[in-house]
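Working notes for the structure below.
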Amino acid sequence: MSRRTCLKTVGGAVLASSTAGAAAAASSKSFYQKTAFDPKAAKAAYFKMMERFNYPIPEVLRGDDFWVCDFLQGDFAKLGMGGVFWINQKGTYGTVGGEKYDGKFEDEKFGYLGHEIFLLPGQMLPEHNHVGGPEGYGPKMEHWQVRYGEVQFFGEYKRAGDEIPISEMPVKERPWGWGEDWFRSKFVAKRTAKSGQLYALVDPESWHFQRAGAEGAIVTEFATYHNHVAFSKPGMAFDNSK
């Protein structure tokens, strides 16, 4: 595939996503009671998307383990996410299970994670990174597989080989935050559920985020232990508008 064809393909997908995102953004008010974020309304929207995708909805998603977040930005349809940590396991090899292991790794730490990400049409995560936190674990390393829909992955570096520079996208199709002093990502690549192709974060502590296509997306994340996240935009936090 030529560079021009690649740009046209990704650009077209982003345009569809942008159009859907604009429509979704107009309904952001439906996720708020005055200025307070309404998690029930957000979850209901995700459930409708899951049903449309024929995604099996396990009982755990009906409870508090399924979380939603607008990152204090007050525009959930544009910037937000839903998620569930199927597992976020940490420990030392000698202190888990029956605590009988006394091999050479006995005192060493381990950590791994299984996570599902839910994004409405055109919705995106905020730009963020993961550094080693105070518990002594290293930076979180991630792979993502799009299970339903399609996703544009944005990041600081070109590593997979099929990324294009964000600067070459039409201005109106560039992601929210582009051009701001705090924005760090430089490249974009697309992945679809149909292809099954994974995308990876291979540069530790690098800035990255993702945006769903026109149908929304459900993404499975395979990663090391999650213990820290930071956002490039000042004033943003892993919390909801009150």
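Side notes on the structure shown:
- Residue in the stretch 146-161 that is crowded, with 20+ Cβ neighbours inside 10 Å, within 19 Å of the chain's Cα centre (by Cα), assigned to a loop (DSSP other than H, G, I, E, B) and touching a residue at least 60 places away in the same chain (Cβ under 8 Å) present: no
- Considered as a group, the residues in the stretch 52-74 that are assigned to a helix (DSSP H, G or I) and more than 19 Å from the chain's Cα centre (by Cα) include one that is farthest from ASP239 (Cα to Cα), and that residue is ARG52.
- PHE209 vs. criteria over 19 Å from LYS158 (Cα atoms) and of a type in the set (Phe, Trp, Tyr): no
- Filtering TYR55, TYR46 for residues that are at negative phi and in contact with a Gly (Cβ under 9 Å, 6 or more places away or on another chain) leaves a single hit, TYR46.
- Between TYR112, TYR32, TYR46, the distinction of being surrounded by fewer than 17 Cβ atoms within 10 Å (Cβ to Cβ), out of contact with any Cys (no Cβ under 6 Å at 6 or more places or on another chain), among the hydroxyl-bearing types (Ser, Thr, Tyr) and at pLDDT 95 or above belongs to TYR112 only.
- Test set (1) touching a Cys at 6+ places or on another chain (Cβ under 8 Å); (2) closer than 19 Å to LEU72 by Cβ; (3) β-branched (Val, Ile, Thr) - VAL229 fails condition number: (1)
- Identification of strands (runs of 3 or more DSSP E) wholly contained in the stretch 171-242 with 3 or more residues that are modelled with pLDDT of 95 or more and either over 23 Å from LEU113 (Cβ atoms) or among the aliphatic types (A, V, I, L, M) (or both) yields 187-192, 208-223.
- Of all residues in the stretch 75-110, those being touching a residue at least 12 places away in the same chain (Cβ under 8 Å), of a type in the set (Gly, Ala, Ser) and outside any helix (DSSP H, G or I) number 5.
The values are calculated or read from the model by the stated rules, or taken from the named source; none is laboratory data. Just so you know, these numbers come straight off a predicted model, no measurement behind them. Backbone-built Cβ (ideal geometry, glycine too); neighbour counts: all protein chains shown.
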